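One structure is given below, encoded as structure tokens.
Rule-based calculations on the coordinates, nothing more; no lab input. A quick note: this is a predicted structure, and the numbers were derived from the prediction, not measured. For neighbour counting, all protein chains shown are included, and Cβ atoms are generated from backbone atoms with ideal geometry for every residue, glycine included.
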Amino acid sequence: MHYLDFLQQVHTRLAPRHYLEIGVRWGNSLSLSRCPSVGIDPAFAIDHELHAPVDLFRTTSDEYFARPDPLEPTGGEPFDLAFIDGLHLFEYALRDFMNTERHSRPGSMIVFDDILPRNVDEAARDRHTGAWTGDVYPVLETLARYRPDILTVCVDTQPTGLLLVMGLDPSSTVLADNYDAIMRELRHADPQPVPAELMDRTFVQAPERVLASPLLDELAASADDVDPATLNRRLREVAGQTLGSAYA
Ligand SMILES: C[S@@+](CC[C@H](N)C(=O)[O-])C[C@H]1O[C@@H](n2cnc3c(N)ncnc32)[C@H](O)[C@@H]1O
């Protein structure tokens, strides 16, 4: 399944009230949104029809989140769904996650693009290929090591996979507190040591299986004030039953 087809179904199932997109380019993914949205990209050139009220910011995500109130366009409401697809370098992708989670609620979903490079060249920090994932992939190990409290599901979409992150804790400072250590440990010079199981996609979920699971419905039904730990237990229970025991 193509990532845009998967994302379209995520939009429909979650029915977010506010959507955030980091990395807009021509608007392919932004055109899927049907709710008030914020799009951030220093060089967008939208040529797709948009179907929602969108506040566009021609700036980098770091600059955007340095504003006094990043939730000003939503009237202070958190983002229910976010797509991180900006600069494909580990430190940028991780900061995008940290900043987005702070402006989300526990039941929000954050989706990363390009988590599954198909080869080492495509994952290079110094881009030299047409299609380029960059080194977004260490985000997966970072979250596994430092944020075992949240649920991550890698989805086998074309061309370069998606990572769904659920059961968020907007008050968590773990990644910010350990940012320098994370960069020392997990950011690598080219050529990238991409784990074989990522390139072989051995542990990823079929998109159809994820969509058939009630996981998205659990998220959509979660109360705004749900406690992150309670929501996480419930999400793991559902994921364990429908996606495999590794998630339980
Ligand atoms: C792969 S494209 C986005 C594609 C789009 N999400 C889609 O699926 O149709 C990546 C975009 O990220 C933007 N970008 C680069 N650096 C960025 C940054 N620091 N913050 C936000 N966006 C950035 C680029 O200008 C580019 O348009």
Got at least one residue in region 99-117 being among the charged types (D, E, K, R), surrounded by 24 or more Cβ atoms within 10 Å (Cβ to Cβ) and assigned to a loop (DSSP other than H, G, I, E, B)?
yes
When every residue in region 28-64 that is assigned to a loop (DSSP other than H, G, I, E, B) and more than 13 Å from the ligand (Cβ to nearest atom) is compared, the one surrounded by the fewest Cβ atoms within 10 Å (Cβ to Cβ) is GLU49
List pairs: first residue in region 37-49 and over 9 Å from THR59 (Cα atoms) and in contact (Cβ under 8 Å) with a residue 40 or more places away in the chain, second residue of a type in the set (Ser, Thr, Tyr) and away from the ligand (no atom under 11 Å from the Cβ) anywhere in the structure, Cβ distance under 9 angstrom, at least six positions apart or on different chains.
VAL38/TYR19; VAL38/THR74
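Mind checking which residues of region 70-96 are within 16 Å of the ligand (Cβ to nearest atom) and either among the small types (Gly, Ala, Ser) or assigned to a strand (DSSP E or B) (or both)?
PHE79, LEU81, ALA82, PHE83, ILE84, GLY86, ALA93
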Does region 88-97 contain at least one residue that is touching a His at 6+ places or on another chain (Cβ under 9 Å) and in contact (Cβ under 8 Å) with a residue 40 or more places away in the chain?
yes
Residue count, region 1-28, condition touching a His at 6+ places or on another chain (Cβ under 9 Å) and either among the polar types (S, T, N, Q) or farther than 15 Å from ALA82 by Cβ (or both), comes to 3
In the set VAL139, VAL165, VAL155, which member is aliphatic (A, V, I, L, M), touching a Pro at 6+ places or on another chain (Cβ under 8 Å) and under 23 Å from MET199 (Cα atoms)?
VAL155
Subset of region 118-139, residues surrounded by fewer than 20 Cβ atoms within 10 Å (Cβ to Cβ) and in contact with a Ser or Thr (Cβ under 8 Å, 6 or more places away or on another chain), comes to ARG118, ASP121, ALA131
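Of the residues ARG13, ARG67, ARG25, which single one is away from the ligand (no atom under 12 Å from the Cβ) and within 17 Å of ASP96 (Cβ to Cβ)?
On the way: ARG13 fails: within 17 Å of ASP96 (Cβ to Cβ); ARG25 fails: away from the ligand (no atom under 12 Å from the Cβ).
After applying the criteria, what remains is ARG67.
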